[in-house]
Structures are given as structure tokens and as C-alpha cells.
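What follows is a set of notes on a single structure, which appears directly below.
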Amino acid sequence: MHKHEYGRSRRSILQGIIVNGLFTVVELVVGIFANSLALVSDAAHDFTDTLILVFSWWATRFAETPSDNQRTWGYHRATILAAFVNGIGLVLITLFIFYRAYGRILSPEPVEGTYVLAVAIIGIVANGYIVWRLRRASRHDVNLKSIYWHMSEDALGWGGVLVAGIVMTLTDFYLIDPLISIVIGLIVLSGAYSVLKEAADILLESVPSHIDIEDVRAAMLAHNDIRDVHDLHVWVIGPGHYALSAHVRVAEMRVRDTDPIVRDMQEMLRKRFGITHVTIAFETEQCLCDNLEH
């Protein structure tokens with residue numbers, strides 16, 4: 001991700017912080033006044049969302065810090081760390097929602113359905129706006145992608161709250177309030193799992209999900225001068241930054257004759273797989289024979 005893209009991402013996140021923060025306050029006040037667990041629980045959830053947005057804003061800013069002697073790759077993984085922490089926060093808030101919903105199922109309480117209905121409409125609009133703002137910025141950043149996905153699920157969750165508000169306005173079926181809370185919790189838990197899995201894969205330097213390492217090996221072996229590829233590694237440095245290292249066996253040749261092979265590999269890997277940082281260690285067939293003799 002380039003510097004101007006980080007700047008655009010921060011602007012989108014900042015707007016999300018303002019909208020989500022204001023809505024959290026409104027939701028909490030109305031939830032307490034209406035005695036709605038669904039609203040109070042989701043207010044706590046939205047407060048966590050606001051913290052997530054603040055942390056993500058900081059991470060995109062910190063990711064622009066130039067590399068140094070201690071962090072030779074730079075600080076691109078700050079956004080990955082943010083996504084991982086955000087995922088843990090989502091799990092904790094989900095457990096809180098389940099705990100509160102369980103108590104309300106055992107002892108249902110009256111809820112002002114009209115207020116729930118009104119806030120649900122505002123919630124759909126507010127979350128929908130944040131989703132729209134983050135749509136483009138989330139394409140190449142797992143941190144922003146997790147926020148985008150999560151806010152999309154929030155908007156769908158508010159559709160469920162809207163249904164609950166209509167039901168409680170027309171009937172006395174107040175049990176639907178904690179039931180909707182559980183549905184919201186399950187949605188959040190699903191999002192948390194997705195975020196944690198993707199962030200953990202990156203932190204563990206797994207092969208990016210859209211790249212098949214055997215396809216990469218086959219593409220490299222298709223070069224006329226390459227006899228074998230081993231010790232092949234592909235991993236994610238940060239959002240949009242993919243790296244590869246490999247040992248490549250070629251026929252006996254001078255070191256300067258390997259330069260065209262390196263350029264061919266760099267161009268092919270960038271175009272076909274989006275891999276922009278390539279490190280190749282060359283081995284000749286003569287070296288292999290010498291090693292076998294020893």
C-alpha cells in the first residue's frame with residue numbers, strides 16, 4: 001500500500017470514527033431509556049467498533065514510518081497487528097452479549113419497541129455510510145477489510161433489530177429482544193474468527209490465500225534456464241506487499257549471466273502473482289555435484 005493510499009484510508013476511517021462514535025452515544029441513551037438489551041448490547045459493541053476504528057487509524061499512520069536498522073521491512077505489519085487485536089476485542093464483546101442475553105431470556109422485560117425501531121433505522125444508515133466510505137480502501141488491507149466486512153455485518157444486524165422493533169411495537173413478544181442480541185453476537189463472532197484467522201496467517205508468514213505455491217514453482221520452472229526450484233517461500237510483509245525467496249538451480253554460468261533470469265522472474269512474479277520483493281539464490285549443477293561428492 002502506497003503512502004497516498006494510507007492517507008485516503010485514514011480519512012475514510014476518521015469519518016467512520018465520528019459517525020460511529022456519535023451513533024454509539026445515541027444508541028446507549030435510547031437503549032437505557034427504552035430498556036432494550038439489544039440496543040445496550042449493541043451500543044457496547046459499537047463502542048468497541050469505535051475503538052477498533054481509532055486503533056486502525058493509528059496503525060495506518062504508524063505503517064508509514066520509514067524502515068530503519070531494527071525494522072528493515074518497515075512498519076507495514078502495524079495494520080496486521082491492529083486487525084489481530086481488533087479480532088480479540090470482538091470475541092470479548094460477543095461473550096458479554098451472550099451473558100446479558102442469557103439473563104434476559106430467563107427474565108424477559110418490557111421494551112419500548114418504537115424507540116428500538118427508530119434507532120435501527122439510524123443504525124442501518126450510519127453503518128451503511130461507513131461501509132460505503134471504506135469500500136475502496138479495504139481492497140488490499142486486511143485491517144481495513146476486516147472493518148469493512150464487520151460494518152457490513154453490522155448493517156445486516158440492524159436489519160434484524162429493525163424486525164425486532166416492529167414485532168415489539170405490534171405485540172408483547174419481548175423475548176425477541178435478547179434473541180436478536182444473540183444473533184448479533186453470532187454475527188460478530190463470525191467476523192472475529194475471519195479477522196483472527198487472516199491476521200494470524202500473515203503473522204505466521206503463511207502463503208497468501210490467493211496464491212498457490214505450486215503454481216509459483218511451475219511458473220518459475222517454465223523459464224528455459226531454470227532446472228530446479230527449492231526452498232521456496234512466499235509470504236506477506238504487509239498490506240499489498242508480497243515477498244518470495246527461493247534457491248534456483250541453473251546450468252554452469254557466470255554470475256553476471258544470471259541477471260537476465262532475475263529480471264525475468266521479477267517481472268513474471270509481479271504480473272502473475274503480485275509478488276514485488278523477490279530474492280533468489282542461484283546454484284549451479286556443478287555445485288550440486290560437488291556437494292554430492294562430499
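Values for this structure:
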quantity: Residue selected from the stretch 142-166 under the condition within 20 Å of Arg104 (Cβ to Cβ) and crowded, with 21+ Cβ neighbours inside 10 Å, by the criterion nearest to the chain's Cα centre (by Cα); calculated: Gly157
quantity: Candidate set: the stretch 212-228, residues that are more than 28 Å from the chain's Cα centre (by Cα) and in a loop (DSSP other than H, G, I, E, B); chosen: the one nearest to Asp264 (Cα to Cα); calculated: His223
quantity: Pick from the stretch 190-208, criterion farther than 21 Å from Tyr148 by Cα and in contact (Cβ under 8 Å) with a residue 12 or more places away in the chain, ranking: surrounded by the fewest Cβ atoms within 10 Å (Cβ to Cβ); calculated: Glu205
quantity: Filter pass, Arg256 being assigned to a strand (DSSP E or B), farther than 30 Å from Glu64 by Cβ, of a type outside the set (A, V, I, L, M, F, W, C) and over 32 Å from the mean Cα position of the chain (by Cα); calculated: no
quantity: Single condition Asp172 does not satisfy, out of (1) surrounded by fewer than 24 Cβ atoms within 10 Å (Cβ to Cβ); (2) more than 12 Å from the chain's Cα centre (by Cα); (3) modelled with pLDDT under 75; (4) not small (Gly, Ala, Ser); calculated: (3)
quantity: Members of the stretch 49-103 that are surrounded by fewer than 20 Cβ atoms within 10 Å (Cβ to Cβ), part of a helix (DSSP H, G or I) and over 16 Å from the mean Cα position of the chain (by Cα); calculated: Arg61, Phe62, Leu92, Leu95, Phe96, Phe98, Tyr99, Arg100, Tyr102, Gly103
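The values are calculated or read from the model by the stated rules, or taken from the named source; none is laboratory data. The model shown is predicted, which means the values in this text are computed figures rather than measured ones. We place every Cβ from the backbone using ideal geometry, glycine too, and count neighbours over all the protein chains shown.
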